[in-house]
Amino acid sequence: MIKLVTDMAADIPKSVAEELDIKVLPFMIHIDGKQILADINLSPEEFYEIVESSEEIPTTSQMSPADVEELYRSIGKENTIIHITISSKGSGINNTCNLVASQLNEEGFDITVIDSTMFAYVIGKVVVEAAKMAKNGASKQEIIDFANEAYARDTAYFLVDDLTFLRKGGRIKATAMAISKVLDIKPILNINDGLVEAFKKVRGTKKALSTLVDFVEDRMEDPTENEVVILDSNAPDKVEIVEQLIRERVKPKSITYAKIGPIITSHAGTGLVGVSFKHKKPYTEYENK
């Protein structure tokens, strides 16, 4: 059988991971002098409280090669493994997994590691679909091709109140523009080439949220047949506005809500809202302006 593996950065809810037998590799989070094991038992809501009650920006660290090897050996003796990781430019876990997989494949294991180049449920949505494909009898190559095509085509667009977390965590391109709080300038970001990129600034939250929906309206493939994913890290008021605008202007087949989990929240902070959807063409072919 084919088993899907991912990591906590994919933000797959615990119930979904258990239902589809998706193995989720944890991370360690460091905050206020403590180490927190971020596995599927740590809910996003619990972590929002930790972050918002602390004056310190959390840091994360990946699991060791030994941890990865233990996971692979536990499920790989009788199964083919497809492991989809957080962007290799955002974490070293992809490189670690490739090294371990290479060694085990020489022993006869069948392990493929895929760099999603993405973050949050932009990773997880594809992993979930891949797990469903595996349960329905799809081949390894069919699943790999599906995942690679999806990550090349689709991205997410985000609104953050400021770039402090992303800048300090090194997860945003150095070309990010300065943001003026005095003028109420809000940054619009997307995931591009494996990193978060600030490419547009808009004055005022309402205009910025409307801009997110502009991207959905202009770039989404056949809304009547596809869903929009609204992502957030404890930003219910923004989610409500985005949802209303999407229902009015886009009218997609469905809307899915995805909480941004502990790993991405550690590097992006709370109060973030974003949208992800199936694009008409690869996201790199659009001009962001």
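Readers should treat all values here as calculations from the given coordinates under stated rules, not as data from a laboratory. This one's a predicted model, so the numbers in the text were calculated from it and none came from an experiment. Neighbour counts are summed over all protein chains in view; Cβ atoms, including those assigned to glycine, are modelled from backbone coordinates with ideal geometry.
General remarks:
- Å³ per residue enclosed by the Cα convex hull of the chain: 126
- Legend: distances between Cα atoms for Lys206/Lys253; Lys238/Lys278; Lys14/Lys280; pairs beyond 29 Å are Lys14/Lys280.
- Taking every DSSP helix (H) stretch of at least 4 residues in the chain, weighting each as -39,500 (n - 2.57) and dividing the sum by the residue count yields a mean residue ellipticity at 222 nm of -12000 deg cm²/dmol.
- Note on the stretch 2-140: the C-alpha convex hull projects to 8.4 nm² when averaged across all orientations.
- Spin-label model distance (nm) - Lys251 vs Lys207, 7 Å beyond Cα toward Cβ: 2.9
- Debye intensity ratio in log₁₀ form over the Cα atoms of the stretch 124-165, taken at each q of 0.16, 0.31, 0.35 Å⁻¹: -0.51, -1.07, -1.19
- Site pair Glu243 and Glu129 shows an inter-label distance of 2.3 nm when each label is modelled 7 Å from Cα along Cα→Cβ.
- Largest GNM mean-square fluctuation across Glu149, Glu107, Glu243, computed for the chain with C-alpha springs under 10 Å, falls on Glu107.
- Extending 7 Å from Cα along the Cβ direction at Glu106 and again at Asp214 yields two label points whose distance is 5.3 nm.
- Selected from Ser233, Ser87, Ser43 as most flexible by GNM, with the chain as the system and alpha-carbon contacts under 10 Å: Ser43
- Full extension of the chain between Asp193 and Leu37 yields a length gain of 53.3 nm, computed as 0.36 nm times the residue separation minus the alpha carbon distance.
- Potential lengthening between Lys140 and Glu55 on full extension [0.36 nm per residue; Cα-Cα distance subtracted]: 26.1 nm
- Total charge dipole magnitude, the chain, about the Cα centre, Cβ charges on Lys, Arg, Asp, Glu only, Debye to nearest 20: 900
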